[in-house]
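Undergrad: Input: one structure, supplied below.
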């Protein structure tokens, strides 16, 4: 037989597995799919390789046991419900928007093209902008997301210790993925950088996560972080004209309680976290001054005095 | 384009066949563009491979029929029943779509844009709670600013920005010819020719307080290559010794080297002004020590800065 292209053989195998109601045995597939060597051993080797190739593309080949005259024997089949794309109901402009997102944001370690091809692909003209950013994807992201969806604990090594974590949320910030969750041994909330996780992650099927996920904290400013029983202090800060626009931009116009003739402003903030507040104020160096309350003003003064030689 | 492997072609064909089947007759050019399929390879694969794919008993009625028109420019399929739908999206692919989409959408949630609608549909199908179990931030700048800067760069329009430079501790207005917009280390940047500095400059978009088009356009290749933010060689380089509670510095800034021991973390980073360094040192206090710098900075840098700020408290 003339050599049949591997692509043709794999497509025919796929067609055979999709087209059948009952699982087909290897022997049946040998007979039904063109392009395999006659020799049984050579067939088996090629067949196993093809199966691996297809599975690597995410093609769900099931193994089902079938009764034959020789007793039960394993057969292969692809069930339509496992294979066929669920219609996402995307309108044309929505598919284009997704394709554009994938063009602009490079996903490291992921074959993102396939996702768009499956949705029908998208064509761009040459004026479309090139890549503008990157996000590192990888098996850990998918695995941890599955644990979050299924409310399961996960186990992994981190900074040389084994952790058991009830996962809450994945966040990509400052160029890295972070997992936040409840660290069971420490009985406290913790955040983990995914690329610092040692080795593999195990989903613990026997340990449902019970700690409830706290509300999202993305909107909180550094000086607002704290636990519920921390005291909230109202602070007033004078800011020079040189930093007034920036402060208004960062803190919102509502924070401004007074404006001077020279363009300087005074702002008021609710402070929970003193370190976060100190960083805000010192970020403006001598363009800002804490006016009240006295204890926050004293905190800054002491902090600075310790740094004067 | 490099040669496609059998797997590369299979990945494409499993998407191309259903797409064409659902549409009747399709120009080959459109397949080439949508699926990144080189035309010669596509023609050969259609006539030499797909044509012969079929199921037992391989009689002509069980094969996929490929009809190319006379000019070899349009194609339609028949009897490709088992390939009428593409392969479902894997959870990895769904998360990839969601991550890229959320990164681009940024803070412009609630605008009912095509991207946002698409993300909601993907998220629904895959049981992803957007923003709740996954969130992506490519930078702190508002999505409106990012979008405006990108549009201006694409269309070669000059912009005037009000920029708060933390390095210089002042705000300035300047006209910029924007070349490109990119995200790096979790911040959005604009790279362009600054008419105030009369040189190319990189601006952090979250420090752009106002941005408007001047009405002018500029010549040149706006697209350029994607500028990667790289410190200039003549930037100041400092080595800081950090105690473990200040380890975040190594993650927050693009450091050039990190050495970690049990008791301290030593980082080297490029800084573009001493003001920036003063601020960092005063914020970190006892958690950071300036170990070394090139060129050499006075030992009293931190102390002088602290004294300057203190003076303000003592005079009032």
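The values are calculated or read from the model by the stated rules, or taken from the named source; none is laboratory data. No experiment lies behind these values; they were computed from the predicted model shown. Here the Cβ positions follow ideal geometry from the backbone for every residue, glycine too, while neighbour counts run over all protein chains shown.
Undergrad: Please verify whether residue B:181 is in contact (Cβ under 8 Å) with a residue 12 or more places away in the chain, buried (at least 23 other Cβ atoms within 10 Å of the Cβ), at the interface with chain A (Cβ under 7 Å from one of its Cβ atoms) and within 13 Å of the chain's Cα centre (by Cα), treating the condition exactly as stated.
TA: Judged against the criteria, residue B:181 is a match.
Undergrad: Could you give every pair whose Cβ atoms fall below 6 Å, whose first residue belongs to region A:5-33 and is more than 7 Å from chain B (Cβ to nearest Cβ), and whose second residue is crowded, with 22+ Cβ neighbours inside 10 Å and not in a loop (DSSP other than H, G, I, E, B), counting only separations of at least 6 or pairs across chains?
TA: These pairs meet every condition: A:33/A:12; A:33/A:13; A:33/A:16.
Undergrad: Go through region A:32-59 and give me each residue that's more than 37 Å from the chain's Cα centre (by Cα) and under 17 Å from residue B:53 (Cβ atoms).
TA: A:32, A:33, A:34, A:35, A:36, listed by residue number.
Undergrad: What are the residues in region B:37-76 that are in contact with a helix residue (DSSP H, G or I) (Cβ under 6 Å, 6 or more places away or on another chain), within 15 Å of residue A:32 (Cα to Cα) and assigned to a strand (DSSP E or B), if any?
TA: Listed by number, the list holds a single entry, B:54.
Undergrad: Restrict the check to region B:195-212 and report whether at least one residue is out of contact with any strand residue (DSSP E or B) (no Cβ under 8 Å at 6 or more places or on another chain), touching a residue at least 12 places away in the same chain (Cβ under 8 Å) and closer than 29 Å to residue A:222 by Cβ. So that I can check it myself, show each step before the final result.
TA: Applying the first criterion (out of contact with any strand residue (DSSP E or B) (no Cβ under 8 Å at 6 or more places or on another chain)) to region B:195-212 yields B:198.
Now restrict to residues that are touching a residue at least 12 places away in the same chain (Cβ under 8 Å): none.
Within region B:195-212, none of the residues are out of contact with any strand residue (DSSP E or B) (no Cβ under 8 Å at 6 or more places or on another chain), touching a residue at least 12 places away in the same chain (Cβ under 8 Å) and closer than 29 Å to residue A:222 by Cβ.
Undergrad: Pick out the one residue from B:269, B:301 that is more than 9 Å from every other protein chain (Cβ to nearest Cβ) and closer than 15 Å to residue A:305 by Cα.
TA: Every option except B:301 fails the conditions.
Undergrad: Separate question: Considering only residues that are under 30 Å from residue A:191 (Cβ atoms) and crowded, with 22+ Cβ neighbours inside 10 Å, look in region B:142-156 and name the one that is farthest from the other protein chains (Cβ to nearest Cβ).
TA: For region B:142-156, the residue satisfying everything is B:145.
Undergrad: Would you confirm, using the coordinates I've provided, whether residue A:115 is within 7 Å of chain B (Cβ to nearest Cβ) and at pLDDT 90 or above?
TA: yes
Undergrad: Considering each of B:139, B:192 in turn, give the residue that is closer than 20 Å to residue A:172 by Cα and more than 7 Å from every other protein chain (Cβ to nearest Cβ).
TA: Criteria check complete, one pass: B:139.
Undergrad: Ok, one more. Determine whether residue B:75 is free of Cβ contacts under 8 Å to residues at least 60 places away in the same chain, touching a strand residue (DSSP E or B) at 6+ places or on another chain (Cβ under 8 Å), at the interface with chain A (Cβ under 9 Å from one of its Cβ atoms) and crowded, with 21+ Cβ neighbours inside 10 Å.
TA: No; evaluated as a whole, the condition is false for this residue.
Undergrad: Given the criteria surrounded by 19 or more Cβ atoms within 10 Å (Cβ to Cβ), more than 10 Å from chain B (Cβ to nearest Cβ) and modelled with pLDDT of 85 or more, does residue A:181 qualify?
TA: Judged against the criteria, residue A:181 is a match.
Undergrad: Just checking, does region B:111-133 include any residue being surrounded by 23 or more Cβ atoms within 10 Å (Cβ to Cβ) and facing another protein chain (nearest Cβ under 7 Å)?
TA: Looking for residues that are surrounded by 23 or more Cβ atoms within 10 Å (Cβ to Cβ) and facing another protein chain (nearest Cβ under 7 Å), one finds at least one in region B:111-133, hence yes.
Undergrad: Here are some residues: B:31, B:39. Which one is out of contact with any strand residue (DSSP E or B) (no Cβ under 6 Å at 6 or more places or on another chain), over 24 Å from residue A:145 (Cα atoms) and crowded, with 22+ Cβ neighbours inside 10 Å?
TA: Details: B:39 fails: crowded, with 22+ Cβ neighbours inside 10 Å.
Sole residue among the options that is out of contact with any strand residue (DSSP E or B) (no Cβ under 6 Å at 6 or more places or on another chain), over 24 Å from residue A:145 (Cα atoms) and crowded, with 22+ Cβ neighbours inside 10 Å: B:31.
Undergrad: Exactly one condition in (1) more than 8 Å from every other protein chain (Cβ to nearest Cβ); (2) surrounded by 22 or more Cβ atoms within 10 Å (Cβ to Cβ) is false for residue B:60; which is it?
TA: (2)
Undergrad: Among B:232, B:245, B:221, which is the only one that is at pLDDT below 90, farther than 28 Å from residue A:252 by Cβ and out of contact with any strand residue (DSSP E or B) (no Cβ under 9 Å at 6 or more places or on another chain)?
TA: Result of the check over B:232, B:245, B:221: B:245.
Undergrad: Being more than 7 Å from chain B (Cβ to nearest Cβ) and part of a loop (DSSP other than H, G, I, E, B): is that true of residue A:186 here?
TA: yes
Undergrad: Let me ask something else. For residue B:25, state whether it is in contact (Cβ under 8 Å) with a residue 40 or more places away in the chain, exposed (fewer than 14 other Cβ atoms within 10 Å of the Cβ) and under 24 Å from residue A:87 (Cβ atoms).
TA: yes
Undergrad: Residue A:152: crowded, with 21+ Cβ neighbours inside 10 Å and within 21 Å of residue B:126 (Cα to Cα), yes or no?
TA: no
Undergrad: Quick one: which residue in B:93, B:33 is modelled with pLDDT of 90 or more and closer than 30 Å to residue A:174 by Cβ?
TA: Answer to the check: B:93.
Undergrad: Still on this structure, please answer the following. Please work out which one of (1) at pLDDT 85 or above; (2) assigned to a strand (DSSP E or B); (3) more than 9 Å from chain A (Cβ to nearest Cβ) is the condition residue B:257 fails and give its number.
TA: (1)
Undergrad: Can you pull out the strands (runs of 3 or more DSSP E) entirely within region A:196-286 that have at least 1 residues that are at pLDDT 85 or above and crowded, with 17+ Cβ neighbours inside 10 Å?
TA: Once the strands (runs of 3 or more DSSP E) in region A:196-286 are filtered for at least 1 residues that are at pLDDT 85 or above and crowded, with 17+ Cβ neighbours inside 10 Å, what remains is A:197-208, A:233-239, A:265-271.
Undergrad: Residue A:37: touching a helix residue (DSSP H, G or I) at 6+ places or on another chain (Cβ under 7 Å), more than 12 Å from chain B (Cβ to nearest Cβ) and not in a helix (DSSP H, G or I), yes or no?
TA: yes
Undergrad: Still on this model: Between A:120, A:75, which is buried (at least 18 other Cβ atoms within 10 Å of the Cβ), within 8 Å of another protein chain (Cβ to nearest Cβ) and in contact with a helix residue (DSSP H, G or I) (Cβ under 8 Å, 6 or more places away or on another chain)?
TA: A:120
Undergrad: Condition first: within 13 Å of another protein chain (Cβ to nearest Cβ), under 16 Å from residue B:164 (Cα atoms), in contact with a helix residue (DSSP H, G or I) (Cβ under 7 Å, 6 or more places away or on another chain) and free of Cβ contacts under 8 Å to residues at least 12 places away in the same chain. Can you find one or more residues in region A:269-281 that meet it?
TA: No - not one qualifying residue is present in region A:269-281.
Undergrad: Give just the number: which of (1) crowded, with 17+ Cβ neighbours inside 10 Å; (2) touching a residue at least 40 places away in the same chain (Cβ under 8 Å) does residue A:138 not satisfy?
TA: Checking residue A:138 against (1) crowded, with 17+ Cβ neighbours inside 10 Å; (2) touching a residue at least 40 places away in the same chain (Cβ under 8 Å), the one that fails is (1).
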